[in-house]
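Let me begin by presenting the structure, written as structure tokens, before commenting on it.
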Amino acid sequence: MIREEDVYKIGKIGKPHGVAGEVTFRFTDDVFDRVDADYLVLMVDGILVPFFMEEYRFRSDEVALVKFEDIDTVERASGLTGCEVFFPRELSDGDDGEMTWSQIVGYDIVDADSHKLIGRIASVDETTINVLLELADGTLIPAAEEFIVECDHDTRQLYMRLPDGLVNLSAL
């Protein structure tokens, strides 16, 4: 059984493309192309399920067309529309000490001084020049290097020293 802490979100499946079961895949991290991975993990009806890729090709910098094994019709491909796509942390190429922002989704943000939990990272918005960490409650926190004190991968915690009142701004 695949656990949520063993994967991190890298995108979402879009509509079918063509008649042979190919789907569009909007991704935020192209790790599936950088490392040798035979499968992606999709959230299907609340369960993480591995889907083996027959082939894929890039349509743009954010979209790929993917053909999964045993998905051979438009009808079967349509059943995957809207599924979130995850990648196994163990296959990730982050061994060189460099992590992508997508890899910290699911980490807890902890105040570096008080050690109090601020919240869990639900997603990362990289669409603007300022990367934002979105917490499960909708709070947005800038992912500025000067705020990050430490990242503990074993406990999946990101220690941050945030300016006073920043977290409370979303309550206004």
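The values are calculated or read from the model by the stated rules, or taken from the named source; none is laboratory data. Everything numeric here is computed off the predicted structure, so don't read it as measured data. Here the Cβ positions follow ideal geometry from the backbone for every residue, glycine too, while neighbour counts run over all protein chains shown. Accessible surface is based on the protein model in full, side chains and every heavy atom, while ligands, DNA and RNA are left aside. Shrake-Rupley method; radii C 1.70, N 1.55, O 1.52, S 1.80 Å.
Brief remarks on what is shown
- Residue check, Asp113 open to solvent by 70 Å² or more (accessible area, probe 1.4 Å) and touching a residue at least 24 places away in the same chain (Cβ under 8 Å): yes
- Some residue of the range 4-24 being touching a helix residue (DSSP H, G or I) at 6+ places or on another chain (Cβ under 7 Å), at positive phi and not basic (Lys, Arg): yes
- Any chance Asp61 is within 30 Å of Tyr107 (Cα to Cα), out of contact with any strand residue (DSSP E or B) (no Cβ under 9 Å at 6 or more places or on another chain) and either without any contact (Cβ under 8 Å) to a residue 12 or more places away in the chain or surrounded by 14 or more Cβ atoms within 10 Å (Cβ to Cβ) (or both): yes
- Qualifying residue in the range 11-22 (condition: under 19 Å from Thr100 (Cβ atoms) and either in a strand (DSSP E or B) or under 16 Å from the mean Cα position of the chain (by Cα) (or both)): yes
- For Gly79, the stated conditions hold: it is open to solvent by 40 Å² or more (accessible area, probe 1.4 Å) and small (Gly, Ala, Ser).
- Note on the range 31-78: residues that are touching a helix residue (DSSP H, G or I) at 6+ places or on another chain (Cβ under 6 Å) and small (Gly, Ala, Ser) amount to 1.
- Among residues of the range 124-150 that are free of Cβ contacts under 8 Å to residues at least 12 places away in the same chain, those with a Cβ under 7 angstrom from a residue that is of a type outside the set (Ser, Thr, Tyr), sequence gap 6+ or separate chain, pair up as Leu132/Asp125; Leu132/Leu140; Leu132/Ile141; Leu132/Pro142; Leu132/Ala143.
- Candidate set: the range 37-54, residues that are in contact (Cβ under 8 Å) with a residue 12 or more places away in the chain and not in a strand (DSSP E or B); chosen: the one surrounded by the most Cβ atoms within 10 Å (Cβ to Cβ): Ala37
- Annotation note: of Thr28, Thr100, the sole residue that is open to solvent by 80 Å² or more (accessible area, probe 1.4 Å) and touching a helix residue (DSSP H, G or I) at 6+ places or on another chain (Cβ under 8 Å) is Thr28.
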